[in-house]
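Structure record follows, encoded as structure tokens.
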Amino acid sequence: MPAALLRPRVALAQTNLISMLLLSLCLHTGSVTGGIMKADETQNGGGDTISHSLALVQHLEALLAQGNGSDVALRVQTVGAEQVKVIQAHSLMLSLQSPVFEELLLSRNGTTLVLLETAECAAVFDKFIRYLYCGEISLCLEQATSLHKLATKYRVQGLQQGVTQYMTQNLASNSPSGHVVEWYQYALQTGDVALRDSCLQYLSWNLSSVLQSGEWTHVSNDLLMTLLQRSDLILQSEMELFTALEAWINQNKPDALTAENALRAVRYAMMPPLELFRLQTQSPVLARYQESVRDLLYQSYQFHSSSPLHMAKYFDVNCSLFMPRNYLSPAWGSPWVINNPMRDDRSTSFQTQLGPSGHDANKRVTWNSLFSPRWLPLSMRPMYSEQGSTQPTRVDGGRLRIIITPATSSAEFAGVSFQKTVVVMTRKQGKMVVRHVYNFHQSTEETGDFLVEADLHRKTSEYLVDGSLHLHIVVKPLYQTLIATKK
């Protein structure tokens, strides 16, 4: 029978079902002896409202569990499996929540609706249907993708958005085999750009912990190359990345082209010459593919043995091979824990090597860092008066700011520019993870959004760990200005 002819019949059935639902709920509600009384200022006369919404949800849940007034049986089947799950449901509730269910119910021939689902989706189908009745759901990491698939398939947008938010907020959660890589692949397949970008950012900013986890070996070829090509990776050193890549190659045994492309994405120039020599003599993977990276190793040795100024005459020192990532080892920066960050100004000093080149590795630069919780932005500072004086720049109502400057100026800085990166750490699910990353040249005022959303007055702020702000300052020397001398 055409769907158009079925609509009046379905509408009549839904009208009858509404009456049955209301009767059932009224009978149950009669047992409720009290409600929540609260003032309703929006109504005329400032009357009160009696709310039994919680009891209503409980009755709907009981209606689903008991099958009272059911007019459709959902027969959930999995291809290749004998087990069948049958759920007694109500077409009105399904149609109200899902346009896909509405169409399926209009075109059905009987009281049974056969649904083909994967084993993973079939396992959580009860929870999915319960959400349609109650508007709430409990889930764990292992069930997130299955529930997201069901919400997407049946176009339940509220649940789909809710599961996406759950996944985004639980990237740092502990799981036996890891889940971020799996969620990234799922987001890539379904076109969920927000979830994909959140997963990729988490993997990039917390790469050290990912490299040591069980899910590292499950990284796909494409994701591997995506990570290796990024300059914002946060990890201890480039050697740590090579060691993990070597383990990935040994575990996954990729084809020669994939292995060669991955090895060519390593920034060998960021390793000291002694480490490079050790790799060439002790790494079986590098020995197997040495011909494919011979030119990169040769350029790296040249980079370390000559001055950057001389190197820039023959090579593009602005390419990724000579560009540092966000390394957390002491040669590149320093951690900084600020207790009670909103109390007053703080300062610290630390040293880094002048540059990644072996020519500059033994030269040290001392940096002074100033943290101010109430720094007046430049655009809001008063102009000089006739007497040449200014008002104080640290005032109440100002904003957070970090300034990082060298302790002394030096002619040796010529040709080197320094990018500063402030890594903001926080604790999630019992472990330290990166909350945010800010890049600037001298002051966080250049970014304009440094911790603007952080409420550091509250000790329970998600940006604080035991009342303290945990930072890691990374100084990245770049030889970009030397390109002008290239012949």
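The values are calculated or read from the model by the stated rules, or taken from the named source; none is laboratory data. Computed from a predicted structure; not experimentally measured. Heads up, the Cβs are rebuilt from the backbone with ideal geometry, glycines too, and the neighbour counts pull from every protein chain shown. Remember, those area values only see protein heavy atoms, side chains included, never the ligands or the DNA or RNA. Shrake-Rupley method; radii C 1.70, N 1.55, O 1.52, S 1.80 Å.
Descriptive notes on the structure:
- The residue that is most open to solvent (accessible area, probe 1.4 Å), counting only those in the stretch 314-328 that are under 16 Å from Val434 (Cα atoms) and assigned to a loop (DSSP other than H, G, I, E, B), is Leu328.
- Scanning the stretch 429-448 for residues that are loosely packed, with under 13 Cβ neighbours inside 10 Å, under 22 Å from the mean Cα position of the chain (by Cα) and not polar (S, T, N, Q) turns up Gly430, Lys431, Gly448.
- Top-ranked residue of the stretch 414-428 - restricted to ones that are in contact with a strand residue (DSSP E or B) (Cβ under 9 Å, 6 or more places away or on another chain) and open to solvent by less than 30 Å² (accessible area, probe 1.4 Å), ranked as nearest to Tyr463 (Cα to Cα): Thr426
- Only one entry in Leu274, Leu279 is under 20 Å from Trp216 (Cβ atoms), modelled with pLDDT under 95 and not acidic (Asp, Glu), namely Leu279.
- Filtered residues of the stretch 158-170 (kept if open to solvent by 60 Å² or more (accessible area, probe 1.4 Å) and either among the aromatic types (Phe, Trp, Tyr) or more than 14 Å from Thr190 (Cβ to Cβ) (or both)): Gln165, Gln169
- For Arg108, the conditions (1) closer than 21 Å to Tyr202 by Cα; (2) assigned to a loop (DSSP other than H, G, I, E, B); (3) of a type outside the set (A, V, I, L, M); (4) open to solvent by less than 60 Å² (accessible area, probe 1.4 Å) are fulfilled apart from (1).
- Within the set Gln97, Gln88, the sole residue that is within 20 Å of Ala151 (Cα to Cα), out of contact with any strand residue (DSSP E or B) (no Cβ under 9 Å at 6 or more places or on another chain) and surrounded by 14 or more Cβ atoms within 10 Å (Cβ to Cβ) turns out to be Gln97.
- Residue ID - modelled with the highest pLDDT, chosen from residues in the stretch 81-121 that are touching a helix residue (DSSP H, G or I) at 6+ places or on another chain (Cβ under 7 Å) and farther than 19 Å from Tyr133 by Cβ: Glu120
- Extreme residue, modelled with the highest pLDDT, among residues of the stretch 459-473 that are of a type in the set (S, T, N, Q) and not in a strand (DSSP E or B): Ser461
- One residue stands out among those in the stretch 403-413 that are at pLDDT 90 or above and out of contact with any Lys or Arg (no Cβ under 8 Å at 6 or more places or on another chain): the one that is surrounded by the fewest Cβ atoms within 10 Å (Cβ to Cβ), which is Ala407.
- Inside the stretch 336-372, residues that are among the small types (Gly, Ala, Ser) and not in a strand (DSSP E or B) make up a count of 4.
- Near pairs, Cβ below 9 angstrom, 6+ apart or cross-chain, from the stretch 133-157 (farther than 14 Å from Ser173 by Cβ) to any residue that is among the polar types (S, T, N, Q) and assigned to a loop (DSSP other than H, G, I, E, B): Ser146/Thr118; Lys149/Thr118; Tyr154/Ser98; Arg155/Ser98; Val156/Ser98
- Selection count where residues are open to solvent by less than 70 Å² (accessible area, probe 1.4 Å), under 17 Å from Gln160 (Cα atoms) and either in contact with a Lys or Arg (Cβ under 8 Å, 6 or more places away or on another chain) or modelled with pLDDT under 90 (or both), scope the stretch 174-189: 2
- Within the span defined as the stretch 261-282, one or more residues are open to solvent by 30 Å² or more (accessible area, probe 1.4 Å), part of a loop (DSSP other than H, G, I, E, B) and touching a helix residue (DSSP H, G or I) at 6+ places or on another chain (Cβ under 9 Å).
- Matching residues in the stretch 217-231 - criterion: being modelled with pLDDT of 95 or more and either open to solvent by 50 Å² or more (accessible area, probe 1.4 Å) or under 18 Å from Tyr186 (Cβ atoms) (or both): Val219, Ser220, Asn221, Asp222, Leu223, Leu224, Thr226, Leu227, Gln229, Arg230
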